[in-house]
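In what follows, a single structure is set out as structure tokens and then discussed.
Read-outs throughout are calculated quantities, based only on the coordinates presented, and are distinct from any laboratory measurement. Computed from a prediction, not measured in an experiment: that's the story for all the values here. So basically every Cβ, Gly included, is an ideal-geometry build from the backbone, and we count neighbours across all protein chains shown.
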Amino acid sequence: MPETENNKYQHQRQQAIRSAAAVFAEKGFHGSSTKDIAERMGIKQGSLYYYFKSKEEALGEVCLFGITDYVDRMNGIAASDQPFEAKLMATITSHLSSYREKNEALKVYNDERLYLPEAKRITLKSLGSGYRQLLEMIFEEGVQSGALRDSIDCHFAAQAVIGICNAWGDVIVRDPDVDLFDIIQKCTDLLLNGFRERRKIQRTDDDIDVAGNLNYQKN
């Protein structure tokens, strides 16, 4: 296939993947058909075979499209020399931005990938596990640097960040007018600072009782 024709095919195939993502996100895998995808593209159902041999193959391509780019970004974030706080914000920014850029594909990856046969989920599972492991590593580095308490469960923390980002990702997909930057800021603040009001703690000689214990006064 000549290069010009190949470029045209790749562009059209990406359109097919995006169309399939939109249909799966709206109707779910089982509620969708190849006819729905073809209609979304504005082509005949038989022409869709040029891009996907089956609805299952379309789902696999949508899931791969949804996760690949944001995993690549995570590799760059984890390899950087930034402090923990900057890496966490970069992770949240990348994750949530992927929903705006990839739109429905990442949602389909989260919601529908388990409908693929196990053999076809191997690559997706490897990518997803690699993403989580890199995030765990960022938390472990945060503990080692003293930015985080050493009692933190890094696996749990990584899963929590992914869960929060995925939940807000659904909102981003449903509402194109939502303020992405505002969500990124609020998620980062919540994960770094928690729910409690931040207060300064003063310590004086009078704060130490006769038993040698500290009595903290919050201002």
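Exposure proxy ranking for Cys165, Cys187, based on other Cβ atoms within 10 angstrom of each Cβ and starting from the fewest, stands as Cys187, Cys165. The 3J(HN,Hα) values that the Karplus relation (6.51, -1.76, 1.60; θ = phi - 60°) gives for segment 59-64 are, in residue order, 4, x, 5, 5, 4, 5 Hz. Gly and Pro appear as x. Contact order for the chain, expressed relative to its length and based on alpha carbon pairs under 8 Å spaced 6+ residues apart, stands at 19 percent. Using the Stokes-Einstein relation with a Kirkwood hydrodynamic radius computed over Cα pairs, the translational diffusion coefficient of segment 3-196 at 10 °C and a viscosity of 1.306 mPa s comes to 89 µm²/s. Residues whose amide H comes within less than 5 Å of that of Ile43, counting only those at least five positions distant or on another chain, are absent (H built at 1.01 Å from N in the peptide plane). Ranking Thr34, Ile152, Ala22 by Cα position along the charge dipole of segment 3-196, where only Lys, Arg, Asp and Glu carry charges on their C-beta atoms, puts Thr34 farthest toward the positive end. When the Cα positions of Ile162, Gln10, His95 are compared along the charge dipole of the chain, Gln10 comes out farthest toward the positive end, with charges on each C-beta of Lys, Arg, Asp and Glu.
Take the Kirkwood radius over Cα pairs of segment 33-82, plug it into Stokes-Einstein at 37 °C and 0.692 mPa s, and you get 256 µm²/s for translational diffusion.
In plain terms, the residue of Lys8, Lys87 with the fewest other Cβ atoms within 10 Å comes first and the most crowded comes last, giving Lys8, Lys87. Its alpha carbons considered, segment 38-134 gives a radius of gyration followed by a Dmax of 15.9, 53 Å. Comparing Ile67, Ile77, Leu180 along the charge dipole axis of segment 3-196, the residue lying farthest to the positive side is Ile67, per the Cβ-charge model.
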